[in-house]
1. Residue B:75: free of Cβ contacts under 8 Å to residues at least 12 places away in the same chain and basic (Lys, Arg), yes or no?
2. When you go through (1) surrounded by fewer than 21 Cβ atoms within 10 Å (Cβ to Cβ); (2) part of a helix (DSSP H, G or I); (3) of a type in the set (Gly, Ala, Ser) one by one for residue A:36, which number turns out not to apply?
3. Applying the selection to segment B:120-145, what residues are facing chain A (nearest Cβ under 7 Å) and part of a helix (DSSP H, G or I)?
4. Please go through segment B:28-68 and give me each residue that is outside any helix (DSSP H, G or I), at the interface with chain A (Cβ under 9 Å from one of its Cβ atoms) and either among the small types (Gly, Ala, Ser) or touching a Phe, Trp or Tyr at 6+ places or on another chain (Cβ under 8 Å) (or both), ordered by number.
5. Restricting the search to segment B:147-163, which residues are in a helix (DSSP H, G or I), facing chain A (nearest Cβ under 7 Å) and over 20 Å from residue A:156 (Cα atoms)?
6. Within segment A:14-27, is even one residue of a type in the set (Gly, Ala, Ser), in contact with a Lys or Arg (Cβ under 8 Å, 6 or more places away or on another chain) and in a helix (DSSP H, G or I)?
Amino acid sequence: MIYLQLFLSFFKIGLFGFGGGYAILSLIQHEVLRYGWMTPQEFTDIVAVSQMTPGPIGINSATYTGYTACQTAGMSDSMCVLGSVVATSAIILPSVIIMLIICQIYLRLKENRWVEGSLKALRVTVIGLIAAAALLLMTPENFIDWWSVALFAMVFCGTLFLKMHPILLICIAGVMGYIIYN
Amino acid sequence: MSKCLRLFATFFKIGAFTLGGGYAMIPLVQREVVDNNHWIGEEEFLDLIALAQSAPGIIAVNTAVFVGYKIDGVRGLIMSVLGATLPSFLIILMIAMFFTQFRSYPQVEAVFKGIRPAVVALIAAPLYKMAKSAKVTWKNMWIPIAAALLIWLAGVSPVLIILTAIVGGLVWTAIDNL
C-alpha cells in the first residue's frame, strides 16, 4: 500500500527532522532510496528544483516524491496527485501537533519567572543563529562573481536604509540576474 | 477582510517568496507579521524564531502554526499553514507533472544567480535592529558571536545552541534569585 508507506515515511521525517532545510534532506534521502521510490539521480534533481523554487525544502521534496513514487508504481495522474497530497500532509502533521503544544505552553507561561529568564537568554542567542545562517550562505555557489557582491550590497542597503519590501527586492534581483547572466 | 483570510493571504505571500530555506523567510515574516499586521511584537518574534527552530519539522510550518494559533486559534492555524504550504505544493506539482526539465532552462538559472546573493543580504541586513530588540549589549555581545561562530565554523547544531541558552538562562535566573 504505497499511500500508507508514503504517509508513514513522511510523518517520520516531519517528526525527527530537527533544524529544518538541509538537515531534513538526509532523512528524506534515506527513506526515498530505501523504498526505491526514485533513483539517486532523481533525488539530486529534487534538491536542485527545491533550491530554484520558493517554499520549504521539506514540502517541496514531499510533494515531488509523492508524485514520482506513484508514477514509478505506474499509477494514473490523479492517483499521483493524491500521492503528493498524502506525503505533503504527512510531513506537516507532526510540526502542527508539536508546535501547537509548544505554543500553548509558551502563551500560558511566558510571564513565569523561570521561563522569562530562559527566553531572555534565548533571544540574545537567536541573533547569533541568524548571523550564522547568513554566514553559512556566503558560499562560492551563491557568490559567483562581483555582480553577486553588487547585488548583495544593493539589497542590503535597500533593506536597511530604504526599508524596501523583501518581495520587491527579490523580484528586482531576479530581473537583474536575468539581464546580467542570460 | 476577515482575520482568517488575512492570515491565509499573508502566509501564501510568505510561502510564495521564500527562496533558500527556513532563514530566508525571516525578513518576510518580520515585514508582514510584525511591521505590517502587528500580529506579534519584536520580542515575541525572536521567541518565535527560537521555538520554530527548536521544534522538529519545517520551520515555515512551525512559524505559521505559532502566528495562526495566536491570532485566531485552531481555525487561524489551519488557514496560515495552508497558506504557507500551498504555493510550494502547487509549483512542485506543476514541475513534477509538466516540467521535469525545468532545471535545464538557462533563463531560470540566470534569474536564480541574481536572487541567491540577494537572499543572503535580506537575512543579514535586519540583524542590527533585531539585536537591539533582543537587548544585546556590549556585556552580553559575546553570546550571539560565540553562537554564530560555533555554528558557522565548528558545525555545531543550532538545536544544541538553543538548549544551552535555555539552561544558561535558567542558571542565571537561579543565581539572580539567591
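The values are calculated or read from the model by the stated rules, or taken from the named source; none is laboratory data. Here the structure is a predicted model, which is why all the values come from computation and not from measurement. Backbone-built Cβ (ideal geometry, glycine too); neighbour counts: all protein chains shown.
1. no
2. (2)
3. B:120, B:121, B:122, B:123, B:124, B:127, B:130, B:131, B:143, B:144, B:145
4. Scanning segment B:28-68 gives B:55, B:56, B:57.
5. Correct list: B:147, B:151, B:152, B:158, B:159, B:161, B:162.
6. There is no residue in segment A:14-27 that is of a type in the set (Gly, Ala, Ser), in contact with a Lys or Arg (Cβ under 8 Å, 6 or more places away or on another chain) and in a helix (DSSP H, G or I).
Let's see how each residue does on (1) outside the structural domain of residue B:41 (by TED's automatic domain parsing); (2) surrounded by fewer than 18 Cβ atoms within 10 Å (Cβ to Cβ); (3) under 30 Å from residue A:178 (Cα atoms); (4) of a type in the set (Lys, Arg):
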{"position": "B:71", "(1), (2), (3), (4)": "no, no, no, no"}
{"position": "B:75", "(1), (2), (3), (4)": "no, yes, no, yes"}
{"position": "B:88", "(1), (2), (3), (4)": "no, no, yes, no"}
{"position": "B:145", "(1), (2), (3), (4)": "yes, yes, no, no"}
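The rows are residues; the columns are (1) under 30 Å from residue B:74 (Cα atoms); (2) not assigned by TED's automatic domain parsing to the domain that holds residue A:64.
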residue	(1), (2)
A:86	yes, no
A:90	yes, no
A:99	yes, no
A:114	yes, yes
A:136	no, yes
A:141	no, yes
A:146	no, yes
A:149	no, yes
